[in-house]
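Note sheet for the following structure.
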Amino acid sequence: MVKKIAIGFSVGHWKNRLGIFLEELLNTVGFDFATIEIETIDQLKDEELKHEIEKWDPFIKHFHLWGEVERQYINEKKLPFPSEEKEIIIHSKNLEGISTFKLPPNTVVENSREDNFSRILSVIEPETKICLDISHAMASGYSLNDLLKIPDLIPRVSLIHVSDFLGKKTHLPLGKGSMNLEEFKNFLEETNVSHITLEVQGKARKILSSFTILKKILKT
Ligand SMILES: [Zn+2]
């Protein structure tokens with residue numbers, strides 16, 4: 001089983017330094033694909049951002065939607081950047097109150113913090129894939145072992161967002177929270193997930209060190 005690693009970034013990073021950062025990563029630790037976070041309609045109109053997205057297109061696998069861009073996508077099923085090859089990630093909490101979603105097939109639903117999987121699985125369509133955010137799941141009171149026992153969850157997970165966590169604190173660099181890396185590795189072996197996005201907040205240095213830890217886990 002091949003594990004792939006992607007880096008999740010906020011658009012703030014993108015605007016100021018993501019292009020430079022991706023170059024740096026590519027020249028140091030290397031990565032297989034990238035996840036781009038988009039939050040505002042203005043960002044969708046930003047020529048500089050469009051240009052960067054075109055430039056990095058071969059590496060971009062997901063657009064991770066937030067805020068008004070996510071609401072627009074859920075309401076209008078309109079892609080932020082027209083491409084059927086990219087996956088679109090939205091958050092489960094924003095699906096509240098609607099029983100069935102006819103979302104485009106390339107949509108992946110991520111578990112929100114303090115959400116539960118029985119609710120998520122009951123509101124999304126059976127064919128919709130799930131992005132399992134480890135920090136959000138732990139902040140919602142699950143253990144890695146609990147996740148393995150939820151009927152129908154693991155076979156539907158097409159992507160994992162990984163970061164460390166400490167109680168309700170999420171998206172910490174790996175090794176800075178309470179996640180047992182050995183347990184996480186065992187958890188991965190129980191799944192068929194082949195794509196993992198490192199979703200760590202903080203400066204480039206912290207992201208780089210988490211990336212190195214993650215690569216080491218996946219290799220051994
Ligand atoms: Zn996430």
_So, in the stretch 143-155, how many residues would count as being within 15 Å of Asn116 (Cβ to Cβ) and under 18 Å from the mean Cα position of the chain (by Cα)?_
2
*Under the condition of being away from the ligand (no atom under 16 Å from the Cβ) and aliphatic (A, V, I, L, M), which residue from the stretch 190-220 is nearest to Val29 (Cα to Cα)?*
Leu208
*Residues that are in contact with a strand residue (DSSP E or B) (Cβ under 6 Å, 6 or more places away or on another chain) and of a type in the set (A, V, I, L, M), drawn from the stretch 39-84*: Ile60, Leu65, Val69
*Looking only at the stretch 143-157, decide whether some residue is surrounded by fewer than 17 Cβ atoms within 10 Å (Cβ to Cβ) and within 16 Å of the ligand (Cβ to nearest atom).*
no
*Could you figure out which of (1) over 22 Å from Lys86 (Cα atoms); (2) within 15 Å of the ligand (Cβ to nearest atom); (3) without any contact (Cβ under 8 Å) to a residue 24 or more places away in the chain isn't true of Glu114?*
(3)
*Any chance the stretch 163-185 includes a residue that's within 14 Å of the ligand (Cβ to nearest atom), of a type in the set (Ser, Thr, Tyr) and touching a Phe, Trp or Tyr at 6+ places or on another chain (Cβ under 9 Å)?*
no
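Read-outs: derived from the displayed coordinates by stated rules, not from any lab. None of the values given here were measured: they were computed from a predicted structure. Ideal geometry is used to build each Cβ from the backbone, glycine not excepted, and the neighbour counts take in all protein chains shown.
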